[in-house]
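Below is one structure; the comments refer to it alone.
The values are calculated or read from the model by the stated rules, or taken from the named source; none is laboratory data. Since this is a predicted model, take the numbers as computed values, not measurements. For neighbour counting, all protein chains shown are included, and Cβ atoms are generated from backbone atoms with ideal geometry for every residue, glycine included. Calculation scope for accessible area: heavy atoms of the full protein, side chains included, ligands and nucleic acids excluded. Shrake-Rupley method; radii C 1.70, N 1.55, O 1.52, S 1.80 Å.
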Amino acid sequence: MKDIVFGVTFIALGALVIILAQGFPSVPGMQYGADFFPTLIAIGMIGAGAVLSFNGFGRVRQSVGDTRLPSGFLRSNLGAILPALMVGAYIGLNEILGSALTMLLIMLVLLIQQGVRIVPASAISLTATAVISLAFSHLLKVPLPIGPLGF
């Protein structure tokens with residue numbers, strides 16, 4: 001049931017992003033405008049939401065007679081609110097620590113909270129931070145906040 005709710009939420013948010021992105025200004029001399037990347041991400045959200053909902057409907061249909069919650073339905077209250085807290089931390093610490101360092105720390109905390117060991121979590125966080133930072137700053141030319149360490 002939880003997958004269905006999240007899937008429908010992703011579909012609705014994706015549709016909202018597509019609608020709002022249509023109002024973005026066009027970039028002179030470019031074949032695509034400012035709405036291109038948000039629309040691509042929204043299409044991915046809609047697709048992922050559809051797959052999540054479809055899988056959720058399949059599980060609900062299989063367990064029609066079973067009314068118990070699955071084991072580990074909500075492992076802990078911290079696990080449920082930690083992503084929202086990390087978004088707030090990113091907003092608050094982005095200008096102070098810089099975008100790259102803040103991303104690295106947040107990914108590390110979230111991966112460790114999900115049970116990933118320290119070494120793989122560090123490697124994943126470092127690689128993902130490098131790819132995201134390079135993609136946004138060099139390919140997309142988005143000015144990311146630079147922290148006290150110079151990145």
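Here are a few things to note about the model shown:
- The set of residues from segment 82-112 being touching a Pro at 6+ places or on another chain (Cβ under 8 Å) and open to solvent by less than 30 Å² (accessible area, probe 1.4 Å) comprises ASN94, GLY98, SER99.
- A Cβ distance below 9 Å, combined with a sequence gap of six or more or placement on separate chains, defines the contacts here; from segment 81-93, residues that are more than 16 Å from PRO145 (Cβ to Cβ) reach residues that are among the aliphatic types (A, V, I, L, M) and exposed (fewer than 11 other Cβ atoms within 10 Å of the Cβ) in the pairs LEU85/LEU78.
Each row is one residue, and each column tells you yes or no for (1) touching a Leu at 6+ places or on another chain (Cβ under 9 Å); (2) over 22 Å from ALA80 (Cβ atoms).
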position	(1), (2)
GLU95	no, yes
SER99	yes, yes
LEU110	yes, no
GLN114	no, no
ILE118	yes, yes
SER122	yes, yes
THR127	no, yes
ALA135	no, yes
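Here is a yes/no grid of residues against (1) in contact with a helix residue (DSSP H, G or I) (Cβ under 6 Å, 6 or more places away or on another chain); (2) modelled with pLDDT of 90 or more; (3) part of a helix (DSSP H, G or I); (4) of a type in the set (A, V, I, L, M):
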| position | (1), (2), (3), (4) |
| --- | --- |
| ILE11 | yes, yes, yes, yes |
| LEU16 | no, yes, yes, yes |
| MET30 | no, no, no, yes |
| GLY44 | no, yes, yes, no |
| PHE57 | no, no, yes, no |
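- Looking across segment 30-53, the residues that are open to solvent by less than 90 Å² (accessible area, probe 1.4 Å) and farther than 30 Å from LYS2 by Cβ come down to GLY33, ALA34, ASP35, PHE36.
- Restricting segment 119-147 to residues that are among the hydroxyl-bearing types (Ser, Thr, Tyr) and over 9 Å from ALA100 (Cα atoms), the residue that is modelled with the lowest pLDDT: SER137
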